[in-house]
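I have placed the structure first, in the form of structure tokens, so that the comments after it can refer back to it.
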Amino acid sequence: MMTHLTTARARLRTRDMTYIALFAVLMIVCAWISIPITTISFTLQTFAVFAALLTLGGRRGTYAVVVYLLLGAVGLPVFSGFRGGPAALLGATGGYILGFLASALVYWLLTARGRDSLALRIFACVAGLLVCYAFGTAWFLQVYTAGPMDLATALAMCVTPFLLPDLVKIGLAVTLAQRVRKYLK
């Protein structure tokens, strides 16, 4: 009897899959809202990723990120600039796109066993964002740069212009999640 209950709780229900799909679609729409600043565009993807995590929780939010990444990996134009496929994941922004998964995993890890406090969820988002920056910047330095580029230059180009806007996006995601979570089961 206990095994059956554990299995039932671990399975995704239709409602869970619907929420996951809706937030994957939100990530797609937010990726299409793009303003080219440098090699890395300003998008609302970060908002959508953290909105999914904060609203759905670590497990379902991570699944939404995985669905989004898989749709892009198979070639659907879900990334910024209506790009998709392996070329988009292997390009300059590929590390940041894959970094969304790292962010989601960090969020899930930090919130899985802790008390469900707003402060913990915000901390997990900021930690996830830093992991995404680290992953994306390392990718950018190794894959994209044609010549030698130091870390400070890469950070000035790929992180500094986005730090404040991304923190604002986390704040907006927190606000949205606080209002929506009470209606979700």
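How many of the residues in region 67-78 are small (Gly, Ala, Ser) and surrounded by fewer than 20 Cβ atoms within 10 Å (Cβ to Cβ)?
Counting residues in region 67-78 that are small (Gly, Ala, Ser) and surrounded by fewer than 20 Cβ atoms within 10 Å (Cβ to Cβ) gives 2.
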From the list Gly99, Gly128, pick out the single residue that is in contact with a Cys (Cβ under 6 Å, 6 or more places away or on another chain), touching a residue at least 12 places away in the same chain (Cβ under 8 Å) and of a type in the set (Gly, Ala, Ser).
Gly99
Considering only residues that are in a helix (DSSP H, G or I), out of contact with any Phe, Trp or Tyr (no Cβ under 8 Å at 6 or more places or on another chain) and on the phi > 0 side of the Ramachandran plot, which ones fall in region 70-107?
Gly81
Among the residues listed as Ala102, Ala119, the single one being open to solvent by 10 Å² or more (accessible area, probe 1.4 Å) and more than 12 Å from the chain's Cα centre (by Cα)
Ala119
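Out of the residues in region 133-148 that are without any contact (Cβ under 8 Å) to a residue 40 or more places away in the chain and among the hydrophobic types (A, V, I, L, M, F, W, C), state the one that is surrounded by the most Cβ atoms within 10 Å (Cβ to Cβ). Even if it seems obvious, please write down each step before you answer.
We begin by selecting, within region 133-148, every residue without any contact (Cβ under 8 Å) to a residue 40 or more places away in the chain; these are 133-134, 141-142, 145-148.
Then keep just the ones that are among the hydrophobic types (A, V, I, L, M, F, W, C); that gives 134, 141, 146.
Numbers: Ala134: 14, Leu141: 18, Ala146: 5.
Checked region 133-148; the qualifying residue surrounded by the most Cβ atoms within 10 Å (Cβ to Cβ) is Leu141.
Would you mind stating whether Ala64 is among the aliphatic types (A, V, I, L, M), modelled with pLDDT under 95, open to solvent by less than 50 Å² (accessible area, probe 1.4 Å) and more than 26 Å from Ala154 (Cβ to Cβ)?
Working: among the aliphatic types (A, V, I, L, M): yes; modelled with pLDDT under 95: no; open to solvent by less than 50 Å² (accessible area, probe 1.4 Å): yes; more than 26 Å from Ala154 (Cβ to Cβ): yes.
No: the conditions fail for Ala64.
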Residues (touching a residue at least 40 places away in the same chain (Cβ under 8 Å) and of a type in the set (Gly, Ala, Ser)) located in region 62-84:
Ala64, Ser80, Gly81
Going through region 29-52 one residue at a time, which ones are part of a helix (DSSP H, G or I) and either touching a Leu at 6+ places or on another chain (Cβ under 7 Å) or buried (at least 20 other Cβ atoms within 10 Å of the Cβ) (or both)?
Cys30, Ala31, Gln45, Thr46, Phe47, Ala48, Val49, Phe50, Ala51, Ala52
Note on Thr55: of the conditions (1) modelled with pLDDT of 95 or more; (2) surrounded by fewer than 22 Cβ atoms within 10 Å (Cβ to Cβ), unmet is (2)
Checked region 149-169 for anything open to solvent by 70 Å² or more (accessible area, probe 1.4 Å) and in contact (Cβ under 8 Å) with a residue 40 or more places away in the chain; matches are Leu167
For region 108-115, check the following and say yes or no: at least one residue is over 15 Å from the mean Cα position of the chain (by Cα), hydroxyl-bearing (Ser, Thr, Tyr), surrounded by 13 or more Cβ atoms within 10 Å (Cβ to Cβ) and closer than 19 Å to Ala52 by Cα.
yes
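The values are calculated or read from the model by the stated rules, or taken from the named source; none is laboratory data. No experiment lies behind these values; they were computed from the predicted model shown. Positions of Cβ are backbone-derived with ideal geometry, glycine not excepted, and every protein chain shown enters the neighbour counts. Calculation scope for accessible area: heavy atoms of the full protein, side chains included, ligands and nucleic acids excluded. Shrake-Rupley method; radii C 1.70, N 1.55, O 1.52, S 1.80 Å.
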